[in-house]
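Down below is the structure, laid out as C-alpha cells.
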Amino acid sequence: MTSPNDKHLPALAPGPPGLAQPNLSTRLAPGPRKISAACLPCKQAKRKCSGRPAPCKACRNTDAEADCVFDLTLDLRRKVAQRRTVDEREYYRSVLSSLLDELRSSEPVRINELVNFIRSDASMGRIATVLADTTINLDDFSSISLDNNPSVESAIQSLFPPPDPCLTSGYFRITLESLVDIPLFQVPAKPWTNVTDDDNLVSHLISLYFTWDHPCWQLLDQKVFLLHMKTGDLESQYCTPFLVNSILAMASLYSDTPDVFAVPGNTDSCGSHFYMEAERLWRAEEGTVSLANIQGLVIMCHALKCQGKDGVSWLTLRQAVQLAQDFGMFRVPPLHANWEEMDADMQRIHATTAWGIFVMNLDMSMELHKDANLGFPLCRPYTPDDLNDNIAWTPYPRSNQIEYAEKPGLLRYVATELANLTEITASKQQLFFMNACHMEVNDLWRRTNQIYSRLQQWRENMPDVLKIDSYPVPQEILSLFNAFVGYKGLDSPSRPAWFEQSRLTRLQSAKDISRCFGVLRLSYGYKRIPSHMLEAAGTSLAVVMSDLTNEESGNAFFELCRIVVVFGKRLKQAKRMIPRILSIAQQSGIILPPEAVLILESGL
C-alpha cells in the first residue's frame with residue numbers, strides 16, 4: 001500500500017529524433033592560450049606571435065629563428081611590472097646592505113680602496129661585483145669586462161635575495177651561478193636518495209662535501225666511495241643510501257641553492273629533508289653493524305653539532321663508537337675483525353674511519369667535558385711510503401676563479417699528521433681531565449711542559465708539503481690551526497711566572513691562527529670555510545679579547561670576529577657563540593671596540 005505522500009513526477013517526454021547529445025569533452029576544452037609577450041621580430045612586423053618558447057611559429061616560418069628573442073622587460077602588464085619593480089628594489093636594497101656590511105667589517109685599507117673605487121664613477125654592476133667577491137683586486141678590476149663574464153654575473157647574482165619558491169616554479173629558481181656551475185664529481189641521485197631525482201643537485205652537494213669538509217676530517221675513502229656511488233649498486237659495502245643522505249645533509253650547509261631548504265625560505269631547514277631521510281634509513285637498519293652505517297652515523301653527529309645540538313650529537317657519536325667497537329676497529333675491547341680476510345681497500349678504509357671517529361670523539365669529549373672512554377685504533381691507515389694518493393684539489397664552486405689551477409689534495413699527509421697530533425691531544429686530555437686533580441702543582445707543570453714540547457716537536461717535523469705557500473689548500477691551514485690551538489697552559493695564580501708564560505703562549509697561538517685565517521681569506525674569500533675551523537676561531541677570539549690594547553691583538557680580534565660572523569650565517573653552532581662572546585666581555589669588564597660590537601651584532 002502506498003502512502004498518499006508518495007507522488008511520482010511524470011516521465012519526461014523524449015526529445016525530437018536526431019538531436020545529438022552535447023559533447024562534454026568539447027564543451028570543457030580550454031580556450032586558446034593567452035600570450036603575455038610577443039617576440040621582438042613579431043612586434044616590429046606587427047604580426048601575431050605564438051609566444052614562448054623561442055623560436056615562435058612565425059619566426060620559424062620566416063627563417064628568422066636566430067632573431068626570435070622575448071624581452072620580458074617590455075611586458076607592461078600591471079602585475080608583471082609590479083613584480084619587476086619589487087625585484088629591482090630588493091636588488092638595490094641588497095647592494096646597500098652589502099655595502100654597509102663591508103664598511104662595518106673591513107679593514108681601513110680595504111675601505112679606502114672601496115671608497116676610491118666608488119668615486120671613480122664605477123657602475124652599479126661593478127660595485128655589486130666587488131661587494132659579492134672580497135677576493136677581487138680593485139686595482140685590476142677596472143680592466144675586467146662585465147659582458148658575458150660568468151664570474152661577474154655570479155658575483156652580482158649572489159646579492160639577489162633567494163627567490164620565493166611559493167611564487168615561482170622550480171625552473172625560475174635557477175640562478176646564474178647554477179647555470180655556470182659544473183660539479184667536480186658527476187654522480188646519480190637514484191637509487192641513493194628519495195628526496196630528489198636531480199642528478200645535478202646531488203652532484204653539486206657531493207662536490208661541496210669533498211671540497212670543503214672531507215679533506216679536513218676524513219672518514220671514508222674519496223676514490224672508492226665515488227666509484228661505488230657512480231655504479232648505483234645498492235649491494236655495495238662502501239656506499240649506501242643511509243651514508244649518501246648523511247653526506248648530503250652535511251653538504252647542504254655549504255650550499256646556497258634554494259633546493260637545500262626543506263621549508264622554502266627557512267634557513268633553519270637547510271638539509272633537514274636529507275637528514276630526516278638518513279634518520280629513516282638508519283631506523284630501518286635496526287642497529288646493523290656495518291662500515292657504511294658507522295660512517296653515516298658519525299657524519300650525522302657532525303651535522304647535528306654544526307646545528308648547535310651538542311647533546312644529541314654526543315649521543316649519536318657514542319652510538320657510532322659502540323658500533324665501531326663491535327666492528328673491531330679499536331684496540332679495546334679486543335674484538336678484532338677478520339683483518340686477514342679484508343682486501344687492501346677495506347683495511348685502509350677501516351683504519352681511516354677508526355681514526356676519524358677517534359678524533360671526533362676526543363674533540364667533543366674535551367669540549368663537553370665528557371669521558372672519551374675510547375682506546376686507540378688498531379693501526380694507521382697509511383704507511384710513510386704510501387702518502388701520495390694523486391687526488392687533486394680545487395675550490396668549488398669555481399665561478400669566481402674559473403682558471404684556478406688544481407693542486408695536490410695532500411689528503412693522506414693531512415690524515416697522518418692529524419693522527420700524530422691526536423695522540424698528543426689524548427695525553428693532554430688524560431692529564432687535565434683525569435690526573436690533574438691528584439697531582440702536585442710542580443709535577444703538573446712539568447707534565448704540561450712535556451706535552452707542550454711534544455707539540456712543538458710535532459710542528460717542527462711537519463712535512464714541507466704542508467707548509468703554507470701562495471694559495472694553500474684549506475687542509476694545510478687546518479694543520480697549523482691544530483698546532484696552534486693544541487696548547488692549553490697551566491693557570492696558577494700562585495705561580496705568576498707560570499701564569500704569564502702560559503698566557504703569552506696562548507696569545508701568540510691565537511694571533512697565528514688569525515694570520516692563517518687572513519691567508520684563507522686572501523686565497524678563497526670567506527663564502528665557504530670548512531666547519532672544522534670554527535673551534536679554532538672561537539677559542540682564539542676568547543684569548544685575544546683579553547689583550548685588545550695591543551695593536552696586533554686588536555687586528556687579530558677583528559679578523560676573528562668576521563670569521564665567527566661568517567660561520568654564523570651557515571652554522572647555528574657559530575651563531576650561538578656570538579652571544580657568549582659578548583657576555584664574557586661584559587662579565588670580564590672588557591670594553592670591546594664599537595666596530596667589533598657592530599660586526600658581532602650583525603651576526604645575531
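The values are calculated or read from the model by the stated rules, or taken from the named source; none is laboratory data. Predicted model, so just to flag it, every value in this text is computed and none were measured. Here the Cβ is made from the backbone with ideal geometry for all residues, glycine too, and neighbour counts use every protein chain on show. Just the protein is used for accessible areas: all its heavy atoms, side chains included, with ligands, DNA and RNA removed. Shrake-Rupley method; radii C 1.70, N 1.55, O 1.52, S 1.80 Å.
Quick notes on this structure:
- Considering segment 175-252, the qualifying helices (runs of 4 or more DSSP H), each wholly inside and each with 3 or more residues that are touching a helix residue (DSSP H, G or I) at 6+ places or on another chain (Cβ under 6 Å) and in contact (Cβ under 8 Å) with a residue 24 or more places away in the chain, run over 176-180, 199-208, 241-251.
- Filter pass, Leu431 being open to solvent by less than 20 Å² (accessible area, probe 1.4 Å), over 25 Å from Asp547 (Cβ atoms) and at pLDDT 85 or above: no
- Search result, residues across segment 360-369 that are assigned to a helix (DSSP H, G or I) and open to solvent by 20 Å² or more (accessible area, probe 1.4 Å): Asp363, Met366, Glu367, Leu368
- Restricting segment 264-285 to residues that are surrounded by 13 or more Cβ atoms within 10 Å (Cβ to Cβ) and hydroxyl-bearing (Ser, Thr, Tyr), the residue that is farthest from Phe242 (Cα to Cα): Ser269
- Just one of the listed residues (Val566, Val543, Val519, Val485) is modelled with pLDDT under 80 and open to solvent by 10 Å² or more (accessible area, probe 1.4 Å), and it is Val485.
- Segments classed as helices (runs of 4 or more DSSP H), wholly inside segment 253-359, with at least 3 members that are touching a residue at least 60 places away in the same chain (Cβ under 8 Å): 272-285, 291-306
- For segment 493-505, the condition of being at pLDDT 75 or above, of a type in the set (Ser, Thr, Tyr), closer than 30 Å to Asp213 by Cα and touching a Gly at 6+ places or on another chain (Cβ under 7 Å) holds for at least one residue.
- Breaking point among (1) closer than 28 Å to His228 by Cβ; (2) among the polar types (S, T, N, Q); (3) assigned to a loop (DSSP other than H, G, I, E, B); (4) modelled with pLDDT of 85 or more, for Thr416: (3)
- Flag for Val260 being out of contact with any Phe, Trp or Tyr (no Cβ under 6 Å at 6 or more places or on another chain), open to solvent by less than 50 Å² (accessible area, probe 1.4 Å) and among the β-branched types (Val, Ile, Thr): yes
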